[in-house]
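Shown next, in structure tokens, is the structure this report addresses.
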Amino acid sequence: MASVTVKDIRKTYGDLEVIHGLNLEIEDGAFVVLLGPSGCGKSTLLRMIAGLEPITHGEISIGGQVVNDLHPKDRNIAMVFQNYALYAHMKVFENMAFSMRLKKTPQAEIEKKVNWAAEILNLVPYLNRQPKQLSGGQRQRVAMGRAIVRNPQVFLFDEPLSNLDAKLRVQMRTEIKELHQRLKTTTVYVTHDQIEAMTMADRIVILRDGYIEQIGAPMEVYNRPANLFVAEFIGSPG
Ligand code: ADP
Ligand code: MG
């Protein structure tokens, strides 16, 4: 586990600045949701924390260490995407084992770790299947399994549930929260879905056009929205 600190972060694409000097302190073990409409910069910020996108200006620290110049694989983070990004030709077991194979982890430890993750994520019966033989929810669980076997200090989720139908989405919210309660890994979770944010977050960060409009606990932003945009976006009582 580790805290995440975002200090005066800016991002420009060509001449266009899309993230305008953000500051954010995410405490160790927290579940923080970045919420805002499409195009407000959620993915860009998350990708900068992951190291998948260069930072134009500012500083990002994980566990007190500045990571600006650190390669994604050295950041001790794990990211889960909306499209799962599973290896189609590998069985579920191998999908989860992949990062450990790269690190030349001994087979016995790989098996122990994958079985542990499969147990937590209800994937034991599916370890020998190909991703195409799984439902959307099961695929998303495999993506999470791949993340947790790495023992990351930070989980980054980018709209992980947007490809699932409504019923499954509700179920997966609960599963992700249970996973967090169990592992207590610092989590940054991106969504444009207000209900998802309200039900999952310890704290919500509301973004608009590359600016932070408000940071607060779900009931705080709901009951005391900082401005009209937040009130309308969250659907606060008027
Ligand atoms: P969100 O995830 O909140 O929908 P993004 O972080 O994807 O938003 O995008 C924020 C802004 O940056 C948008 O205006 C988007 O068009 C722009 N943007 C994102 N990626 C690129 C890129 N690779 N090149 C140019 N502009 C980009
Ligand atoms: Mg996005």
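Values quoted throughout were computed directly from the atomic coordinates according to the rules given, and no laboratory measurement underlies them. Small disclaimer: the values here were computed from a predicted structure and weren't measured. Here the Cβ is made from the backbone with ideal geometry for all residues, glycine too, and neighbour counts use every protein chain on show.
Computed from label points 7 Å out along Cα-Cβ, the spacing between T105 and L52 is 2.1 nm.
In this simple spin-label approximation, L70 and E220 carry label points 7 Å from Cα along the Cα→Cβ vector, and these lie 2.7 nm apart. In this Cβ point-charge picture (+1 for Lys and Arg, -1 for Asp and Glu), segment 79-238 has a dipole of about 780 debye about its Cα centre. Of the cross-linked pairs K91/K184; K132/K167; K7/K112; K42/K177; K42/K112; K42/K167, those separated by over 32 Å at the C-alpha level are K7/K112; K42/K112. Between D209 and R10, the modelled label-to-label distance comes to 1.7 nm, taking each label 7 Å out from Cα in the direction of the beta carbon.
One Cα centroid belongs to segment 1-44, the other to segment 111-136; the line between them spans 32 Å. Highest mobility in the GNM of the chain, judged by mean-square fluctuation with C-alpha springs under 10 Å and restricted to L121, L228, L16, is found for L16.
Summing Cβ point charges (Lys, Arg +1; Asp, Glu -1) relative to the Cα centre of segment 184-238 gives a dipole of roughly 160 debye. Quick one, what does Rg over Rh come out to for segment 1-90 if you take C-alpha atoms and the Kirkwood Rh? In segment 1-90, Rg relative to Rh is 0.98. Note on the chain: along the principal axes its Cα atoms extend 53, 41, 31 Å, ordered by decreasing extent.
Backbone phi angles across segment 229-235, fed through the Karplus curve with coefficients 6.51, -1.76 and 1.60 (θ = phi - 60°), yield HN-Hα couplings of 4, 4, 4, 5, 5, 6, x Hz in residue order; Gly and Pro are listed as x. Selection among F81, A30, A2 by position relative to the dipole of the chain gives F81 as farthest towards the positive end (Cβ unit charges, Cα centre).
Residues in segment 182-188 carry Karplus couplings, in order, of 6, 8, 6, 7, 3, 10, 10 Hz; the curve used is 6.51 cos²θ - 1.76 cosθ + 1.60 with θ = phi - 60°, and Gly or Pro positions show x. So if I take the alpha carbon set of segment 167-238, get Rg, then get Rh from the Kirkwood formula, what is the Rg over Rh ratio? My calculation of the ratio gives 0.99.
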